[in-house]
Amino acid sequence: MSLLSVEGIDVAYGDVQVLWDVSLAVDEGETVALLGANGAGKSTVLKTICGDLTPSAGSVRYRSEEIGHLTPHEVVPRGIAHVPEGRELFVESTVAENVALGAHATAGGAADRREWVYDLFPRLGERRDQVAGTLSGGEQQMLAIARGLMSDPDLLLLDEASLGLAPVLVEDVFDAIEEITARGVTVLLVEQDLHNALRVADRGYVLESGRVVVSGDAEALSTDDRVTESYLGG
C-alpha cells in the first residue's frame, strides 16, 4: 500500500481546468520527482495534495484515507508538510521564530526537531537571531525547508527547492534532500533541475499540459528522450 496515492484527479482554477486524469503514487521512504515544463501543472498537484485546491474528480489518499476534501489545517497534522515555491517566510521575523512557527500544528518534540534542522542546516543554527529577510536566497530556502520539517512530517512536498540558487547552493539543497530521506521522511519533489532531481529520486513522473505522459524509475527516465521533450515543452 502506497503512503500517498493520487488517482485520476481533475483540477481547475475556476472555470479553467489545469489537470486531467493525473495519477501517481509515493511509497514510504522514497523520493519521487515530479517533472515537466513551466505551466505543466506540477505545483497544482502539490497544492491539491496539501489541501489548497480540491479536485473535481478522482481521489487523493494518504495512508488509505481520502484527504482530497480536507483543508491545509487538516492535512498538516496527518503528517504532510508543503514547502511552496517562493518560500513564504515571515521575513521580518528571525530564523528561530520562523523555525518555531513550523511546529505550531504538532504537539511535543519541537526541541528535538529544532536541533535536527539546525544540524541539517548548520548555517541556520549560526543565524538563529538573524532576521529572515536579510538571509541570502539559499539560506532562505534552507529556512523554508527547515520550517516544513518542524511539523514532523512523514511526507514532505517540496516545490522548486533549487529555483534561482547559485550552483554551489543547489548542491547543498539536494544533499539535504538526500539526508532528509535517509532520516525517514518521504519526499515528493517538484523541480526544474532535471539532472539533480533524477539523481536524488527513486522514481519520477513527467507532466505535460496537465497530464502524466511518462513515468518510471529515475535511472530510466534520465535517458528517456520523451522526458527531455516534455521538460522542454517539445
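A short reminder: the numbers here are calculations on the coordinates, not readings from a lab. Note that the structure is a prediction, hence the values are computed from the model and not measured. So basically every Cβ, Gly included, is an ideal-geometry build from the backbone, and we count neighbours across all protein chains shown.
Condition first: in contact with a helix residue (DSSP H, G or I) (Cβ under 9 Å, 6 or more places away or on another chain) and either more than 19 Å from GLY184 (Cα to Cα) or of a type in the set (Asp, Glu) (or both). Now tell me which residues in region 108-125 satisfy that.
Answer for region 108-125, where residues must be in contact with a helix residue (DSSP H, G or I) (Cβ under 9 Å, 6 or more places away or on another chain) and either more than 19 Å from GLY184 (Cα to Cα) or of a type in the set (Asp, Glu) (or both): GLU115, ASP119, ARG123, LEU124, GLY125.
Please give the number of the condition THR31 fails out of (1) out of contact with any helix residue (DSSP H, G or I) (no Cβ under 7 Å at 6 or more places or on another chain); (2) closer than 29 Å to LEU194 by Cβ.
THR31 satisfies every listed condition except (1).
Any idea which residue in region 179-193 is surrounded by the fewest Cβ atoms within 10 Å (Cβ to Cβ), counting only those that are free of Cβ contacts under 8 Å to residues at least 60 places away in the same chain and under 16 Å from GLY148 (Cα atoms)?
Only one residue tops the list, namely GLU179.
Determine the pairs where a residue that is farther than 12 Å from ALA25 by Cα, located within region 48-67, has a partner that is among the aliphatic types (A, V, I, L, M) and in a helix (DSSP H, G or I) with Cβ atoms under 9 Å apart, the partner being 6 or more residues away or on another chain.
If the second residue must be among the aliphatic types (A, V, I, L, M) and in a helix (DSSP H, G or I), the pairs left are CYS50/VAL75; CYS50/VAL76; GLY51/VAL75; GLY51/VAL76; ASP52/LEU46; ILE67/ILE49; ILE67/VAL75.
If a residue counts only when it is surrounded by fewer than 18 Cβ atoms within 10 Å (Cβ to Cβ), which strands (runs of 3 or more DSSP E) contained entirely in region 1-58 have at least 3 such residues? Walk me through it before giving the result.
Values: elements: 4-13, 16-26, 31-36.
In region 1-58, the matching strands (runs of 3 or more DSSP E) lie at 4-13, 16-26.
Please go through region 194-227 and pick out each residue that is among the hydroxyl-bearing types (Ser, Thr, Tyr) and touching a residue at least 24 places away in the same chain (Cβ under 8 Å).
The answer is TYR205, SER209, SER215, SER222.
Conditions first: (1) surrounded by 20 or more Cβ atoms within 10 Å (Cβ to Cβ); (2) touching a strand residue (DSSP E or B) at 6+ places or on another chain (Cβ under 7 Å); (3) under 21 Å from GLY29 (Cβ atoms). VAL75 passes all but one, so which condition is the exception?
(2)
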